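All of the numbers you see were taken from the coordinates with simple rules; none came from a lab. Just so it is clear, the model here is predicted, and its values are computed rather than measured. So basically every Cβ, Gly included, is an ideal-geometry build from the backbone, and we count neighbours across all protein chains shown.
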Amino acid sequence: MSRTEARTVPMVLGIVGGLAGGKSTVAGLLARRGAAVIDADRIGHEVLERPNVRAALCSAFGRQILDAAGRVERRRLAHAVFSGPQGGPQRVEKLNSIVHPPILEEIRERVEEIKRLREAPLIVLDAALLVETGLDKELCEALLYVDTPPDLRRERARCERHLEPEQFDRRGRAQMPPERKQELADYTVTNNGSLEELDTQLSKLWPALSGQSR
């Protein structure tokens, strides 16, 4: 279906941008307007609870990634993958090979279910590695790029995620450069001001995203 045809099912919009750029904030603002948001990070939390995934992660990175209750502790896992003595690209690839397949399958199932029910005017896919995993081509009909200056992203990562500059840079290198994602995007919003300013930009895009301008 072309983007100029009237929609009978909601469009799938992928949110892309740099690390700590505000993708989830944009997704949340779109949810307020009625969009159905699929949060890959939340799905990732759920996947880590699966016994087979937990066992595979312990085999790859050691039982030190578990908390006192025997659950995968995300900070410990991140340290083992990104910051530990053996942290690096090979460990990132190993992590992705374990967690990505079940996460991607769950995303696919949720997209299909929302399309079937047709209860939302727009499906928003908020996934950090959307382009890197190929989900942008597989599931998305359009991409929205969140343009946030690198210094502001670095500061937000430090304050909100407690990431030191070296950790920020290392995780950023595991993703496609933001500039490349911007080239692929159909829409862009700038996230360097207030929440109200960001919401105003989205309000202008909403008719096209939700199909209400058709």
Which length gain, in nm to one decimal place, applies between Gln182 and Gln212 when the Cα-Cα distance is subtracted from 0.36 nm times their residue separation?
8.3 nm
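With each run of n ≥ 4 DSSP H residues scored as -39500 (n - 2.57), what mean residue ellipticity at 222 nm is computed for the chain after dividing by its residue count and rounding to the nearest 500 deg cm²/dmol?
That comes out to -16000 deg cm²/dmol.
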Mind checking which lysines have their Cα closer than 27 Å to the Cα of Lys204? Skip sequence neighbours fewer than 8 apart in that chain.
Lys23, Lys115, Lys137, Lys181
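For the chain, return all DSSP H helices satisfying: extent of Cα atoms along own axis at least 30 Å; mean Kyte-Doolittle hydropathy at least -1.0.
Values: long enough: 89-117 (40 Å, -0.71).
Both cut-offs are met by 89-117.
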Describe numerically, in nm with one decimal, the distance between label points set 7 Å from Cα along Cα→Cβ at Thr8 and at Arg50.
3.3
Among Gln201, Ala185, Ala56 - extreme Cα towards positive end, dipole of the chain, charges at beta-carbon:
Ala56
May I ask for the longest run of the chain untouched by GluC sites (Glu not before Pro) that are loop-located per DSSP and have at most 12 neighbouring C-beta atoms (other than their own) within 10 Å?
120-214
Just want the answer: with Cβ charges of +1 for Lys and Arg and -1 for Asp and Glu, which residue in Ile103, Phe82, Met176 is farthest toward the dipole's positive end in the stretch 11-210?
Phe82
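What's the FRET efficiency of Ser83 with Arg118 using the Cβ-Cβ distance as r and R₀ = 41 Å, to the nearest 0.05? The partial results should precede the final answer.
On the way: r = 44 Å, r/R0 = 1.08.
According to the calculation, E is roughly 0.40.
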The rounded separation in angstrom of the Cα centers of the stretch 62-118 and the stretch 135-212 is 21
What does the charge dipole of the chain about its Cα centre add up to, to the nearest 20 debye, if the Cβ of each Lys and Arg holds +1 and the Cβ of each Asp and Glu holds -1?
360
Return the Cα extents of the chain along principal axes one, two and three, sorted largest first, each rounded to a whole Å.
54, 38, 28
Distant-in-sequence amide H partners of Leu66 (H built 1.01 Å from N, under 5 Å):
Glu73
